[in-house]
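Enquirer: Quick one: structure below, then a few questions.
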Amino acid sequence: LNVVPMHGGRVLAPLSDGGLQYLVGGARASAGAKRGRYCFEALRVPVPQPKQMLKVGFATKESSLILGETSDSVCFDCEGFYTSETKREAKGDRIARDQTAALVLNLDPSSPNKNT
């Protein structure tokens, strides 16, 4: 949305010129998850910004572009909070700069951990 690909498309960096560093930068996947297992990783890289935010999660195609703002998205953020149904709860440790967060979605009906 307002991010630019860097390093051969492996890194997305938010636009930060002319005051844009105070806005939220975000990107969405263009493929939907219907069945099976999905995992993606996000690395929090150091950038010269006043405050960094990282949210990783899943949402429906009709949801808001900002994860956690509506009831049709779920996410974890870099402060260790989990957001679902617009309720934010502390669930883990903070994700520091240079740390990687992995998120797994299991839609495999034969799995004992299905729909997690």
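The values are calculated or read from the model by the stated rules, or taken from the named source; none is laboratory data. Here the structure is a predicted model, which is why all the values come from computation and not from measurement. Because the Cβ atoms are built from the backbone with ideal geometry, glycine has one as well, and the counts that use them run over all protein chains shown. Note: areas computed on protein heavy atoms with side chains; ligands, DNA, RNA excluded. Shrake-Rupley method; radii C 1.70, N 1.55, O 1.52, S 1.80 Å.
Enquirer: Which of the residues that make up segment 61-91 are free of Cβ contacts under 8 Å to residues at least 12 places away in the same chain and of a type in the set (D, E, K, R)?
Expert: Within segment 61-91, 62, 87, 89 meet the criteria.
Enquirer: Looking for whichever is without any contact (Cβ under 8 Å) to a residue 40 or more places away in the chain, out of contact with any helix residue (DSSP H, G or I) (no Cβ under 7 Å at 6 or more places or on another chain) and at positive phi here; the options are 36, 18. Which one fits? Step through it out loud before you land on a result.
Expert: Numbers: 36 fails: without any contact (Cβ under 8 Å) to a residue 40 or more places away in the chain.
Unique residue meeting the criteria: 18.
Enquirer: Moving on to the next point. Do we have any residue at all in segment 94-108 that's of a type in the set (D, E, K, R), open to solvent by 50 Å² or more (accessible area, probe 1.4 Å) and under 11 Å from the mean Cα position of the chain (by Cα)?
Expert: Taking segment 94-108 first, the residues of a type in the set (D, E, K, R) are 94, 97-98, 108.
So of that shortlist, the ones also open to solvent by 50 Å² or more (accessible area, probe 1.4 Å) come out as 94, 97-98.
Among the residues that remain, those that are also under 11 Å from the mean Cα position of the chain (by Cα) are: none.
No; the residues of segment 94-108 include none that is of a type in the set (D, E, K, R), open to solvent by 50 Å² or more (accessible area, probe 1.4 Å) and under 11 Å from the mean Cα position of the chain (by Cα).
Enquirer: Filtering segment 34-53 down to residues that are at pLDDT 85 or above and surrounded by 13 or more Cβ atoms within 10 Å (Cβ to Cβ), which residue is farthest from residue 19 (Cα to Cα)?
Expert: For segment 34-53, the residue satisfying everything is 37.
Enquirer: Cβ-Cβ below 9 Å, separation at least six or inter-chain, first residue in segment 92-106 and small (Gly, Ala, Ser), second exposed (fewer than 15 other Cβ atoms within 10 Å of the Cβ): which pairs?
Expert: 92/80; 101/41; 101/43; 102/39; 102/40; 102/41
Enquirer: Something else now. Please find, within segment 54-80, the residue that is farthest from residue 94 (Cα to Cα) out of those that are of a type in the set (A, V, I, L, M, F, W, C) and open to solvent by less than 60 Å² (accessible area, probe 1.4 Å).
Expert: Per the criteria, the residue is 59.
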